Each structure stands twice: as structure tokens, then as C-alpha cells.
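Here's the structure we're looking at; comments come further down.
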Amino acid sequence: MALRNIVKQGDECLQKVCRPVTEFNSRLHTLLDDMTETLVDSGGVGLAAPQVGVLRRVCVVMNEEEEIIELVNPEIVATEGEQTGLEGCLSVPGRFGIVTRPYVVRVRAQDRDGNFFEVEDEDLTARCFCHELEHLDGHLFVERAEKMLSDEELEEYIRRMEEMEEDED
């Protein structure tokens, strides 16, 4: 396994539609392993292949139990509800925005060996599914953000969220 460089906004590979994976082989396994290592090292919760310069329909997502979900040729097959919240991206470092996404998302994908499966999750993981799949079609969250936050607005947003969590306890 190896760490891969994460490409940044402005790199043209982030604007391209990725090709489906047709060969489930050791090269794919290496890509998935490297992407997982890169994701864990970065502290993020999701990483799509174009973010490491590979134009294939592959992404890895860390769910809220910190399990890695490998998605090859993923597609969203069902959504439910709505959530609006803070979103960032490893390819857009230091920038955060407010984005509305479905609250529950079901994805159909293939695993590293080509077997089809479905996975459903909610909240942050559902947000991550949507975010990573948009990368596979050449889009960044900044295109969808209702508002990009300044550093001061980000600090205020985080402070308000922490206060709300304290009130719930």
C-alpha cells in the first residue's frame, strides 16, 4: 500500500466523468488499498479515484463506525429525507460550505471482486455517498453549496453546533 497525492481544485481530472471499472484485478485492489490508506492518513471520510488522479468509477467511504466501504461502479438507487449541513473536501482544502443532501441514501455498487451489493446509510455517511459519487461525474461540492463560509462564519457555525450538542445532553 502507498499514500497517493490528493489533487486539488483546478486540476482538470476533477472535472472529468470517470469510466466504469471493467477489470477486477490486482491493479484495482492496489488502487482501493492505496485510496484507503490515503483516506485514513488525510483524516477525511471519503475519497474518490479522480481525487488521486485516476479516472475510474471507484470510491472509498468511512462510515460512522469507522469501517471502510469500497464502492466500485456505484450508483444511488434510493434516497429519503433531507439534511442541510457543513461540507468540505480533501481536494478543496480549508474551504467549507453549507450543502443540502438526502438524509438516507442507498447505493448499489460492486466490490473489489466484481460482486454486486447494496448499502444504505444515513446522516454523515449518506452525505459522503452523494459527495463522492458526484466526484465520479466531474463535480465538486462547491458547485452545490448554498453558501461557502468565511473562516469567521465557519468558527461561528462550529460553535453553534457544539452548543446545540451540549443542549441535547
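The numbers here are math on the coordinates, done by the rules we state, and not lab data. Keep in mind it's a predicted model, so treat the numbers as computed, not measured. A quick note on method: Cβ atoms are made from the backbone with ideal geometry, for glycine too, and the neighbour counts reach across all protein chains shown.
Details
- Simple label model, 7 Å out from Cα along Cβ direction - Y157 to M1, nm: 3.0
- Part-to-part distance (alpha-carbon centres) for region 121-159 and region 1-62, which is given in Å: 18
- Distances between placed amide hydrogens fall under 5 Å for L149 paired with F96, G97, I98, all partners being 5 or more residues away or on another chain.
- For E155, E166, the sequence from fewest to most other C-beta atoms within 10 Å is E166, E155.
- Calculated from backbone phi, Karplus (6.51, -1.76, 1.60) coupling profile of region 153-169 in Hz, x at Gly/Pro: 5, 5, 4, 5, 4, 4, 4, 5, 5, 5, 5, 5, 5, 5, 5, 6, 6
- Long-range HN-HN contacts of Q83 with modeled amide H, under 5 Å: R101, Y103
- Here the dipole of the chain is about 1360 debye; that uses its Cα centre as origin and unit charges on the Cβ of Lys and Arg (positive) and Asp and Glu (negative).
- Extension reserve of the T22-H139 stretch, reckoned as 0.36 nm per residue once the Cα distance is removed: 39.9 nm
- Modelled FRET efficiency - R0 25 Å, I76 with E166, Cβ distances, 0.05 increments: 0.15
- P(r) tail for region 86-169: Cα pairs beyond 14 Å make up 71% of the total.
- Temperature 37 °C, viscosity 0.692 mPa s: under these conditions the Stokes-Einstein estimate for the chain, based on its Kirkwood radius over C-alpha pairs, is 200 µm² per second.
- Applying 1/(1 + (r/R0)^6) with R0 = 45 Å to the Cβ-Cβ distance of Y103 and T30 gives a FRET efficiency near 0.85.
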